[in-house]
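The values are calculated or read from the model by the stated rules, or taken from the named source; none is laboratory data. Just so we're clear, the structure is a prediction, and the values are computed from it rather than from any experiment. Here the Cβ is made from the backbone with ideal geometry for all residues, glycine too, and neighbour counts use every protein chain on show. Keep in mind that these areas ignore ligands, DNA and RNA; they rest on the heavy atoms of the full protein, side chains included. Shrake-Rupley method; radii C 1.70, N 1.55, O 1.52, S 1.80 Å.
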Amino acid sequence: MGSDFGTLDQSTGAVAASMHQMMAIDQVLTSAVLILAGLAAVAFLLEIVLKKPMFGKFGYGLMVVAALANFGELATRYSYMVKISPDYWPLSNLFESVMYIVVAIFAIYLVVDRMFKAPGFGLVSSFLVAIIIGLASLLPPRLKDAHPLVPSLQSYWLKVHVSLMLISYAAFFLSFVGAILYLFFHYRDRLFAPRAAGAMAAKGAKASVATLDMLDELTYRLVLLGFPLLAFGIILGGMWANHAWGTYWSWDPKETWSLITWLFYAAYLHVRLQREWRGTKAAWFAVLCFASLLVTYLGVNYLATGLHTYGKLF
Amino acid sequence: MPTHSQKDPPAEAVDLSQDPRDSEAEIEGPSVYESMRSSFVRVWSSVKLAVVLIVLIALGSIVGTLIPQGEPSGVLGIAGMSEGAKQFLIWIRAYDVFGSPWYLGLLALFFFNLAVCTYVRVWPHLQFALGRPRELPEAVQARLPEQLKLAGVTVDRVQALLSRRFFRTFKTNDGGLVADRNRWFRFAPMVVHVGLFLILIGAITAGLAGFKDSFPLLPGDTMPVQQAMRAASQRGPLTPDPGSWKIHLDKFWMTHYPGGAVKQYYSTLSVLDGGKTVLTRTIHVNDPLRYKGVWFYQSFYGIGAERFVVDRGIRTRILLTRQDGVSIKLAGFISTQFKLPAPAASSATKGHRRQEAFFYSAGPHRPFFLLDLANLNCLGSIAPGKPLALDGHTYALGSVTTAPGIAAVVLDVGGQRRTLAVESAGRFNLAGYISREFVVGQHQVFLYMPDPEGPVQIMDLRTLAPICKIAMHQSAVADDVTVGYVARKTTATAGGLASATILEDGKPVPLRLVDVSMTGFQVSGPASDPFEIGGKTVVAVQNADPAGSPLWLINTRDQTAAAILDPHDTVQLGHDIVNYRGPVWFSGLQTKSDPAIPVIYTGFITVILGAFLGMFSHRQLYVASTADGCKVAGKANRGQYLFHQELAQMARELGVNAEDAFAAAALDAVDPDPAAAHADGEDPGPGQSSRVPGAIPQGELHGQ
């Protein structure tokens, strides 16, 4: 797929010119998202260090602007590419899928942060998002440049199936953020609470229990959001496969790993029914589930080739 | 678990027996049979078992993505694994995880667990949801996770507010309220389970009464659907007869992007039913055709289909559908490679040929084919008395001599002696002797001897680059492994050709010939099934991409080349004149009949619906009037935090400071049990809440 562009440039000069223009705008917007997310992280850090809620509001505002820039980045690609390939959707390579997930992370974050006032949620989310975009922008051009879609991807199913998958990844990413924050506060209290003495320690510990409960619920609720989205995404994939190839399921590695991820999250939801599994164990389980999701998203392409080998890193 | 008979529950546990979470109460009974049944049900309805099975299925699936799936040979091909481990993996059918008995067994156990789980819980849940919210004794209410006191607020005002917020409210006899919202969402997990069952039923039905197959079709060809179905390996025993209609491929083509990448594949299909065309439609990837319950999908396309006209008037079309792994051992003789001379001045050919070429002969009395080394294109053939003119030069066959060949080489690899049979010659350079592949260090290599008397070379199989060269009785280091060349053994019985002389423009050119009658070399690529031509059974093989390479016809009996044909070549084979017309694309159609689609799709929708419903929290509230207002107790089944926020909002709407309301309730609390105060807090101990009679199981042990 990577070499298509060189020849495209030669064959149609006008398209090539607008393509370079588009990639330049794209570059600017991607950098803007990266910088805005980084600034948001700084603002959230200042909020915690200086204990001034104003910075938190500022960080939230930066996240809103970053989300808009991110949306603009995808919209730019779409508006240019759709002229070349009418079925184009900004999911033609790894970079685009990262930006797609990140815009969903922004959207879910902006809603969830209004509902849960979880300490550190904004900081960790924005910081990790900045790192993700930073890494994604280091990808080689063949994984960044927009491409026309190969025949099997030219379908409205692609838009729905992959979108649902990636939005579920975004929800699971934020649930992962909730889980690591839970573990951070849990182990911080474990390590440092006993050293303090008297009423202050008791008060601090109590406040922390409420925080932990909140983070546990935040993680749980985000899994409850990602779980149906992933189910919907996988099922739409099956329906698409049936529509396109006449078979729902082929045990292709990507398919199998998405099922594995879904099963791990199903196990997470079921172990939570046991009271003693809530809290720390559940948080560790959520981290494990997220690891399986990373394999599904990135790792599978190294394992084997299959029907879904569209966005290989190497 | 507490075992309360439903008829006569202990006073404090009244509510537990009605709680869907305490579903075991439903199936308790006094008889021995009943208790056996109950222990059976308890084991099989256990959520712990479900978790264990889910995790085992996930781990089994991981094995299926790590080990190449398909044939046992995939396991054998894994580098750096001990033989015992490989045998174990083959024994557990790790090469076919998703069809292995243990994986299917796990799935069966899982679905049985799911069935029992759902069965024992659906009725208590239904009772719970159909009835009004149960009332709780005050002592139990006091332990619910959410507590607030609303000073100066009447129960009626609370009721009005709750109704606005879509709670169901009921007055109790003592002037209080019970209220809840979203109770039907407790069914969400069960809806998912039912959906999974529908998918299972659909999959089984599809296996029994559906069929699935794929077949290639050349433009202009017709395929009876019955034939497609008869050939189908995945046809179920209950699959109905489709009728006698046929599918005809009018046209197959591709469109391209400006850069040359394929944009789309199209097939124009006609349905012939009752002797006439009833339907013509163009399908493409993602847009199938459906006729009488049978679907046709644009699934793949053929690298080549060949067309012949035989002089007896028979027009044969050969499909090259066997893609990978079809390799034919060619018996015969190949020469050292040589550079083709520049075209003579008199030649019409422009430019300078830089081709490397070699001669190939299937046997001592067969013609010699001049083959382009790069792509095995046949440039022409020479036979005794039949010279070849090429680029203004004339090639004629001179003398042919025979000599013995080499059979085995002994190597010392890292201190271990191994004997390698020198058997196959590869395409990198067809002059010389080549061994089977073997492993040195991390590399898959083979041995190459350009000269049987000279040194051996260890070649990287993947890159075809030499790793090292070792002279007889010497050693070299390859990939940190010391390899010594110890001995070679020659055979005196091989009566192959050793050299041949051709006459190039009348000048004799000696060529050393490698006997490949016992070593052979591989022509691999898209191949046909065996077919009859010229009184012989042959297979057709396209050795490279179909655009320029020739078609090889290979006798299946002795694996010699019957003919090497370029497009528009005409040759005589036996009594037949064969005209090769060149490659044609075929369209690969996937066909399928699946009566279970409605069931499976219903299952899909049910799973999705259930999973989304599971996001909502069932919220329960108890309001009691007090001297100075009322107090409220409540809980939710998907975590308390958001419910707490809602209660705070409600307090504000009632004109009460929310923090005061919670604080007042906390001051009132007489129960010192810290576990009750923080419902989702630190672990209260395994199953503690449900073991203590009267305590409210704040965790949803089973009900979700």
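Which one is nearest to residue B:616 (Cα to Cα) among residues in segment B:637-662 that are aliphatic (A, V, I, L, M) and not in a helix (DSSP H, G or I)? Among those residues, the one meeting the criterion is B:654.
No other residue among B:192, B:262, B:285 is open to solvent by less than 40 Å² (accessible area, probe 1.4 Å), in contact with a His (Cβ under 7 Å, 6 or more places away or on another chain), closer than 30 Å to residue A:156 by Cα and within 13 Å of another protein chain (Cβ to nearest Cβ) apart from B:262. For segment B:204-223, a residue qualifies if it is out of contact with any Phe, Trp or Tyr (no Cβ under 8 Å at 6 or more places or on another chain) and open to solvent by 40 Å² or more (accessible area, probe 1.4 Å), and the qualifying residues are B:204, B:205, B:207, B:208, B:212, B:220, B:221, B:222. If I filter segment B:148-166 for residues that are farther than 30 Å from residue B:64 by Cα and aromatic (Phe, Trp, Tyr), do I get at least one hit? There is at least one residue in segment B:148-166 that is farther than 30 Å from residue B:64 by Cα and aromatic (Phe, Trp, Tyr).
Cβ-Cβ distance below 6 Å, separation of 6 or more or different chains: which pairs start in segment B:197-220 with a residue that is in a loop (DSSP other than H, G, I, E, B) and end on one that is charged (D, E, K, R)? Short answer, once both residue conditions are applied: B:210/B:594; B:218/B:317; B:219/B:251. Quick check on segment B:75-82. Is at least one of its residues in contact with a helix residue (DSSP H, G or I) (Cβ under 6 Å, 6 or more places away or on another chain), surrounded by fewer than 17 Cβ atoms within 10 Å (Cβ to Cβ), within 14 Å of another protein chain (Cβ to nearest Cβ) and modelled with pLDDT under 85? No, that holds for no residue. For segment B:593-636, filtering for residues that are among the hydroxyl-bearing types (Ser, Thr, Tyr), within 30 Å of residue A:208 (Cβ to Cβ) and not in a strand (DSSP E or B) leaves 1. Residues in segment A:233-273 that are of a type in the set (Phe, Trp, Tyr) and outside any helix (DSSP H, G or I) were compared, and the one that is surrounded by the most Cβ atoms within 10 Å (Cβ to Cβ) is A:248. Among the residues of segment A:55-69, not a single one is within 25 Å of residue A:254 (Cα to Cα) and touching a Phe, Trp or Tyr at 6+ places or on another chain (Cβ under 8 Å).
When the residues of segment B:266-277 are filtered to those that are open to solvent by 40 Å² or more (accessible area, probe 1.4 Å) and not in a loop (DSSP other than H, G, I, E, B), the one that is farthest from the other protein chains (Cβ to nearest Cβ) is B:276. In the set A:215, A:224, A:229, only one residue is touching a Ser or Thr at 6+ places or on another chain (Cβ under 8 Å) and either aliphatic (A, V, I, L, M) or more than 7 Å from chain B (Cβ to nearest Cβ) (or both); that residue is A:229. Among the residues of segment B:83-107, those identified as over 19 Å from the mean Cα position of the chain (by Cα) and open to solvent by less than 60 Å² (accessible area, probe 1.4 Å) are B:84, B:85, B:86, B:105, B:106. Of all residues in segment B:369-391, those satisfying the criterion of being modelled with pLDDT under 75 and open to solvent by less than 60 Å² (accessible area, probe 1.4 Å) are B:372, B:373, B:375, B:376, B:377, B:378, B:383. For segment A:284-304, a tally of residues being farther than 15 Å from residue A:173 by Cβ and more than 8 Å from chain B (Cβ to nearest Cβ) returns 5.
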